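The values are calculated or read from the model by the stated rules, or taken from the named source; none is laboratory data. Quick caveat, the model's predicted, so the values are computed rather than measured. Neighbour counts are summed over all protein chains in view; Cβ atoms, including those assigned to glycine, are modelled from backbone coordinates with ideal geometry. Each accessible area value is taken on the protein alone, full model and side chains, heavy atoms only, with ligands, DNA and RNA left out. Shrake-Rupley method; radii C 1.70, N 1.55, O 1.52, S 1.80 Å.
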Amino acid sequence: MDGNGRWAKERGWPRLKGHEQGALNVERICEACIDEGVEFLTLYAFSTENWKRPAHEVAGLMLLLERFLSEKVAMMNRNGVRLTAIGRIADLPGPARKRLERAIGETAHNTRLTLTLALNYGGRDEIVDAVRSIAAEVGERKLDPSQISAETISNHLYTRTMPDPDLLIRTSGEMRISNFLLWQLSYTEIHVTRKLWPDFGAEDLHAAILDYASRDRRYGSSVENLPSPSNAS
Ligand code: FPP
């Protein structure tokens, strides 16, 4: 959800105003995803690096998250949105973590769209956590090191119940992965738009999906011999 700060700066407003507008945009994009038939939407809401921002900005982001989680459960249930989260959730401030857990429980029965918030998330930390849990299984002799495969690693990531993303949309013209879903993005198509997140609307989502639909997904193969992702090299 990149570009909130610049969106506010362009108007001479404090950065938190941009985050506020960015949080409002989440509902609009959830509804647009449902209209497009998208089943999984993952939003990078707070990275492990974001703790380095000024304390008042971090506190403001946590309050916005809490407000979103308490005010938008009704919207999620109306639209069939199941909320989940990835990241080191246990290290979030107590009030935000409790509201998150409650919202996850209250939307668990929904099936139309899985909205995943990446919170206190870092792609490298996710891989570290997966390696630790695989190593623990090896230590307990539940797993033989010779049996460890790419699938074993996928099955130990925070995203183990989700498919790898088809499309990564990067707002505000940034051309970086920024420590997001490092393992899962291996064969993901990337769409970069200059639109700032608060301005990114249903028509921009539609344009991104049309761009995606025009791509020839080859998973490392030649055009003549298109394998499935599991056979990719
Ligand atoms: C990036 O913009 C955005 C963030 C670091 C925070 C996004 C969080 C929210 C919109 C609110 C809380 C979350 C939810 C799900 C309600 P930036 O500050 O890096 O913008 P810039 O690149 O223009 O400076």
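Shown for region 54-123: the carbon plus sulfur share of the solvent-accessible area, taken with all protein chains present and a 1.4 angstrom probe, equals 53%.
Among 92-103, 117-128, how do they line up by average Cβ neighbours within 10 Å per residue, starting with the highest?
Details: 92-103: 16.3, 117-128: 19.9.
Highest-to-lowest ranking by the protection proxy: 117-128, 92-103.
Calculated on the Cα set of the chain, radius of gyration then Dmax: 18.6, 59 Å. Compactness ratio for region 9-69: Cα radius of gyration over 2.2 N^0.38 Å (N = residue count) comes to 1.28.
With a 1.4 Å probe and all protein chains left in place, how much accessible area per residue does region 107-233 have, in Å²? Working shown, then result.
On the way: 7290 Å² over 127 residues.
Accessible area per residue, region 107-233: 57 Å².
Model label points for His109 and Arg67, set 7 angstrom from Cα along the Cα-to-Cβ axis, are 3.0 nm apart. Using the Cβ-Cβ distance between His206 and Arg102 with R0 set to 30 Å, the FRET efficiency works out to roughly 0.35.
State in Å² the accessible area per residue of region 1-74; use a 1.4 Å probe, count heavy atoms of protein chains only, and round to the nearest integer.
Values: 3920 Å² over 74 residues.
Per-residue accessible area for region 1-74 comes out at 53 Å².
Summarising the amide proton neighbourhood of Ala85: residues at separation of 5 or more, or on other chains, whose placed amide H is nearer than 5 Å comprise Leu117.
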